[in-house]
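Worksheet for the structure shown next.
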Amino acid sequence: MTSIKKLLVANRGEIALRIMRTAREMGIKTVAIYSEADRHALHVRYADEAVCVGPAASSESYLRGDAIIDVCKNLNVDAIHPGYGFLSENANFARMVREAGLIFVGPSPESIEVMGSKLAAKAAVAAYNIPMVPGTPSAITDRTEAKRLSAEIGYPILIKASAGGGGKGMRIVEREADFDEQMDRAVSEALSAFGDGSVFIEKYVTSPRHVEIQVLGDQHGNIIHLFERECSVQRRHQKVVEEAPSAVLTPEIRDAMGRSAVDVARACGYYGAGTVEFIVDDQLNFYFLEMNTRLQVEHPVTEQITGVDLVKQMIYIAEGKPLAINQADLQIKGHAVEVRVYAEDPTNNFLPDVGTLQTYVRPQGNGVRVDDGFEQGMDIPIYYDPMIAKLITYGNTREEAIDKMIRAIDEYQITGVQTTLPFCRFVMEHEAFRSGQFDTHFVNHYFTPEVLQTPENTDESELAAVLAAYLMQQQKPKTNGSTATVAQQRSKWKENRLR
Ligand code: ADP
């Protein structure tokens, strides 16, 4: 057992801060790395020491494994926490860290490697009795054979990239006539996104819910699960609202999924924190999708309902300590909801809308947690993921957590960029979400940009406000120097409209 005294966080933004806070609580010194674009970032200010590792592009900074290891050597760092994204699921980096005599706060490079390929992962768990979506067991090499298998599985089917992540390289095929075209697209997308064109086929579950199980394993073979998170509200196959527990699992299904998740982790000799993702159909049958070998963005909802600090556990595990929590000790208490606050325009296909945070005031109060990495006046850089914050609420019941979320969203003041907050508020109020009867098609089924129009911000009232502002402007003494035009007023108004 080695105790960690100085930890480098190879990440940025909210997750770097979140990890450093726990490290500080544990008496561990923290080292931040940053790119030239992040010179003034909060994680840089928070750390005990901080080192610039390169220019803005992440390939020249946050992804420079060699430069990061050099920083560790220079500053006598003994461990690296990779957070999520960047180098967190890079087996080569984990290996380099180990070879440099440093501790990687995460699983072994071997586990990362196996679970990094969806096909290798399926093969690894084959010996256990884990339910899987019907599909091809290996990469497709022969199209005629693949079409025959697809007909057997039954359309619609899904073509997926083995190296896939972030919803990329996935194609739905409704009927055999579309097979070749979709296959070509999936392969070329997989090649350009992951440098690996291998794809396989799965039955397309038509009304799927995304439910994932948090696991923790130590280096002595003990593995436990910390129940589920449901992440079915997605745009472009990417999560935007998460909650724990799921609104629909029964204790029996939860138990069965938990046991399957522990088996998946066991199948790859897993240690650290990990997430086993499942897809659940409308009959509540569940099927293994993949395992993420890192801390997830949505980990706070699990922390809220279990009282376990996942980063603290990751650090203990990396130090070689045996897990001090038994499965039987764990209980779900209350309900937590998380919404991801992205600088994106929900009325324009959720396209990134980066810029300066002209106003930035966080909500507060009982049961409200904000994990963020920005302050008023800061710019959201164009180089990285446009997530501003994660807003988490916690209540005794699901209804209480949702009502708290609506209140917190209303208190959150952000201007200067469009955000996903108005969309998330729409979700919180929607009958399908409130009743728990929704699936991953929530956005397609219920959301159109028009639903964010309220009587106060329809065109007429917008025009009236612009006019009123203009008239007030005209009445001001000329010496005041204010020269805002109607067009500027109008664009300012539009800017604030979706606050
Ligand atoms: P990625 O690694 O790209 O995130 P996943 O396998 O985790 O890919 O799937 C991402 C999302 O795609 C899931 O949450 C689900 O919404 C959808 N999905 C994946 N597999 C299927 C399937 N067989 N049927 C229906 N939807 C699926």
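Starting from residues that are in contact with a Pro (Cβ under 9 Å, 6 or more places away or on another chain) and closer than 21 Å to residue 23 by Cβ, keep the ones in segment 304-316 and report whichever is farthest from the ligand (Cβ to nearest atom).
That would be 316.
Residues of segment 203-241 that are among the charged types (D, E, K, R) and assigned to a loop (DSSP other than H, G, I, E, B): 218, 236. Residue 219 meets all of the listed conditions (1) in contact with a Gly (Cβ under 8 Å, 6 or more places away or on another chain); (2) open to solvent by less than 20 Å² (accessible area, probe 1.4 Å) but one, namely (2). Filtering segment 84-120 to residues that are open to solvent by less than 60 Å² (accessible area, probe 1.4 Å), over 17 Å from residue 67 (Cα atoms) and in contact with a Lys or Arg (Cβ under 9 Å, 6 or more places away or on another chain) leaves 84, 85, 106, 107, 108, 109, 112, 118. Among the residues of segment 76-83, is any assigned by TED's automatic domain parsing to the domain that holds residue 19, within 21 Å of the chain's Cα centre (by Cα) and at positive phi? Yes, there is a match, as at least one residue in segment 76-83 is assigned by TED's automatic domain parsing to the domain that holds residue 19, within 21 Å of the chain's Cα centre (by Cα) and at positive phi. Here residue 262 does not qualify as within 27 Å of residue 235 (Cα to Cα) and hydrophobic (A, V, I, L, M, F, W, C). Here segment 127-140 is the region considered, the condition is being of a type in the set (A, V, I, L, M), under 25 Å from residue 187 (Cβ atoms) and away from the ligand (no atom under 11 Å from the Cβ), and the residue that is nearest to the chain's Cα centre (by Cα) is 139. Of the residues examined, residue 118 is one that is modelled with pLDDT under 95 and in contact with a strand residue (DSSP E or B) (Cβ under 8 Å, 6 or more places away or on another chain). Considering only segment 288-303, I want to know if a residue exists there that is away from the ligand (no atom under 16 Å from the Cβ) and either among the hydroxyl-bearing types (Ser, Thr, Tyr) or more than 30 Å from residue 368 (Cβ to Cβ) (or both). Taking every residue of segment 288-303 in turn, at least one turns out to be away from the ligand (no atom under 16 Å from the Cβ) and either among the hydroxyl-bearing types (Ser, Thr, Tyr) or more than 30 Å from residue 368 (Cβ to Cβ) (or both). So, residue 233, is that one within 13 Å of the ligand (Cβ to nearest atom), in the same structural domain as residue 401 (by TED's automatic domain parsing) and touching a Lys or Arg at 6+ places or on another chain (Cβ under 9 Å) or not? Yes: the conditions hold for residue 233.
Residue-by-condition table, conditions (1) in the same structural domain as residue 68 (by TED's automatic domain parsing); (2) within 16 Å of the ligand (Cβ to nearest atom); (3) of a type in the set (Lys, Arg); (4) under 20 Å from residue 194 (Cα atoms):
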site	(1), (2), (3), (4)
113	no, yes, no, yes
117	no, yes, no, yes
158	no, yes, no, yes
173	no, yes, no, no
178	no, no, no, no
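Within segment 265-285, the set of residues being more than 12 Å from the ligand (Cβ to nearest atom) and part of a strand (DSSP E or B) comprises 272, 273, 274. Just one of the listed residues (32, 50, 37, 67) is in a strand (DSSP E or B) and open to solvent by 10 Å² or more (accessible area, probe 1.4 Å), and it is 50.
The values are calculated or read from the model by the stated rules, or taken from the named source; none is laboratory data. These numbers come from a predicted model, not from an experiment. Cβ coordinates were reconstructed from backbone atoms using ideal geometry, including for glycine residues, and neighbour counts include every protein chain displayed. In case anyone asks, the SASA skips ligands and DNA or RNA and just uses the protein heavy atoms, side chains included. Shrake-Rupley method; radii C 1.70, N 1.55, O 1.52, S 1.80 Å.
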